[in-house]
1. Could you tell me whether the stretch 1-63 comes out rounded, prolate or oblate from its Cα gyration tensor? Rule is a ≥ b ≥ c as square roots of the eigenvalues, rounded for a/c under 1.5, then prolate if a/b exceeds b/c, otherwise oblate.
2. Dipole of the chain (Lys/Arg Cβ +1, Asp/Glu Cβ -1, origin at the Cα centre): which of ILE143, CYS28, ASN51 lies farthest to the positive side?
3. May I ask for the distance between the Cα centers of the stretch 104-149 and the stretch 38-88, given as a whole number of Å?
4. Based on DSSP loop calls and a cut-off of at most 13 other Cβ atoms within 10 Å, the longest stretch of the chain free of exposed GluC sites (Glu not before Pro) is what?
5. From the Cα gyration tensor of the stretch 66-150, with a ≥ b ≥ c the square roots of its eigenvalues, which class applies: rounded if a/c is under 1.5, or else prolate if a/b is larger than b/c, or else oblate?
6. Please list the non-local residues whose amide H lies under 5 Å from the amide H of ILE6, H modeled 1.01 Å from N, same-chain partners needing a gap of 5 or more.
7. Tell me the angle of helix 126-147 to the major Cα principal axis of the chain, expressed in degrees between 0 and 90 and rounded to the nearest ten.
8. Roughly speaking, what is the stretch gain from ILE50 to CYS75, that is 0.36 nm per residue apart minus the C-alpha to C-alpha distance, in nm to one decimal?
Amino acid sequence: MMSLRICTAESCKRAASALCISCEQDFCIVHFNEHSDSLVIQCLQLADVINKLFDQVNNISTFRPDFLIELDKWCQEAHREVNKFCEKKKQEFKEIFHKEQDQRTTELDRLRGQITQLILEQEVTEDFIDSIDNSIQSLQRQIDQFQSAHLTLRPLVIDDDLVAFHQQLSSYNDLLPLPSPQHTN
């Protein structure tokens, strides 16, 4: 003999005529329709939330994350630092050049003065000429070495980990798969 099932809705004494597959509860036709309508309303509310999220994601002005602004600022600061470094190196090289120039000019003035003085005093000797010639050759080598100097420029190595994106939320794939919808009859 078949047992009579009662509607599971609170304070309902009617016979159950439908089973909700989703929650596995027995309902009379009136309460089953209310239950079904309630589920539809919940789905519509979820659809509204999804539509709002969709609009939020597609609205570029509100979806430009702060980290992109931070990255732009970081990039500008990095350019300023590189420019400041290059200016510092230029200044150092100018100082080296001027120091070298001053030293060579001082040495050439000294040699010129010695030659002028010895010519005026008519005390030029073979040894003096050899000494001056050696000094001139030495200065020429120093000038040539300085003029042939070159820079060693290493490529600027940028570590990809200088800037990292850390996502606090679960990835999209962690949210999937969604449960399949089930029909209730």
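Just so it is clear, none of the values below were taken in a lab; they were calculated from the coordinates. Every value quoted in this text rests on a predicted model; they were computed, and no experiment measured them. Glycine gets a Cβ as well: all are built from the backbone with ideal geometry, and neighbour counts include every protein chain shown.
1. prolate
2. CYS28
3. Answer, in whole Å: 70.
4. 25-122
5. The shape class here is prolate.
6. Here the answer is ALA16, since their amide H atoms fall under 5 Å of that of ILE6.
7. Long axis of 126-147 versus the principal axis of the chain: about 10 degrees.
8. Computed gain between ILE50 and CYS75 is 5.5 nm.
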